[in-house]
Amino acid sequence: MKTIAIANQKGGVGKTTLCRELSACCALRGYQVLVLDCDPQGNLTQSWLDSDVYEATLSHVLIEPETTGGIKAEPLPLDDAIVESPLGNLDIVPADIRLARFEMQPDYLTHRMRNQLKEHGTAYDFIFIDCPPQLGKLLTTALYAADYVIVPCASDAMGLQGLSDLAYTIGQVRKNVNSELKMLGAVINLYKPQRNLSAQSRQAVEEAISLVGHVFDTNLHDYSKIAEAPSQKLPVVLYAKTHRAADQMWSLTDEVLDRLQISRQKLSAVKGR
Ligand SMILES: Nc1ncnc2c1ncn2[C@@H]1O[C@H](COP(=O)(O)OP(=O)(O)O)[C@@H](O)[C@H]1O
Ligand SMILES: [Mg+2]
């Protein structure tokens, strides 16, 4: 079980997209994959599931229910909130706006995600966590539960703002709660090769991230196919199989698996590209 958080406190940089597409590619390569939607906006959940196919969400797992009649109810075990996605090998723990309440919960609950994954996540080869666009308790919880972080960065000057704050947060989590947390790398997203700025961006991202790690060679270009795929409840590698967007997603998946020193295809897999 390898747990990978996709994090950046900036919104709109491609966290949900990357989490969705990388997890789908790993599932298509034959791995058993679980995705935790850790953003109260629930974008990842909505990209796979209709709201009538689940009731329990991550907030039911992480937040203690109100005490009623003097009886203290326990939060649900993670198992009870896992839902199958339409893609084989890929399960989801959904989220909705109720997860926002987690920011007001007592600090000891930050351990719960990690503990629940240890107890219920062992059947999965990979667990991906889609983090919220803020530096708060939910992000700390996710980073505490994770083995690795991948940071998507939008390929423009604005997209680079706040990277040092994120590096600081990752450093604090390492120092205080999870010394094992590793930076797997940054992904340059929404890349527009025709703009000079992007070449500068790559250099700037590399400089900003050099304190903590590596920048993946594959840049994800700004392709409308990537934005359209969720509306069909498909990963882009199936929605637009022969498009450059699919090639880029597969090569990023290869890079991620190589850096984790994991085979590009689960050896027992019958499914594949
Ligand atoms: N490489 C890309 N090409 C085209 N659209 C993209 C790409 N990456 C992300 N998007 C789109 O940009 C928007 C923001 O991406 P999202 O993954 O939701 O960001 P975040 O989770 O960081 O807020 C979404 O509409 C998404 O479809
Ligand atoms: Mg998102």
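The ellipsoid equivalent to the alpha-carbon distribution of the chain has semi-axes of 29, 22, 17 angstrom, derived from the gyration tensor eigenvalues as √(5λ) and listed largest first. For the chain, a Gaussian network of Cα nodes joined below 10 Å ranks SER85, SER23, SER179 by mean-square fluctuation, and the top entry is SER179.
To the nearest 500 deg cm²/dmol, what mean residue ellipticity at 222 nm is calculated for the chain from DSSP H runs of n ≥ 4 alone, each contributing -39,500 (n - 2.57), summed and divided by the residues?
-10000 deg cm²/dmol
Suppose R0 equals 30 Å. What FRET efficiency, 1/(1 + (r/R0)^6) with r the Cβ-Cβ distance, do ASN176 and ALA227 give to the nearest 0.05?
That gives a FRET efficiency of 0.20.
Straight-distance candidates among the lysines for linking to LYS192, with alpha-carbon spacing under 24 Å and chain neighbours fewer than 8 residues away dropped: LYS10, LYS15, LYS225, LYS241.
With R₀ fixed at 22 Å, the C-beta to C-beta distance from SER263 to HIS214 puts the FRET efficiency at about 0.65.
Since every read-out is calculated from the coordinates, none of them should be taken as a lab result. Worth saying up front: this structure is predicted, and the values here are computed from it rather than measured. Ideal geometry is used to build each Cβ from the backbone, glycine not excepted, and the neighbour counts take in all protein chains shown.
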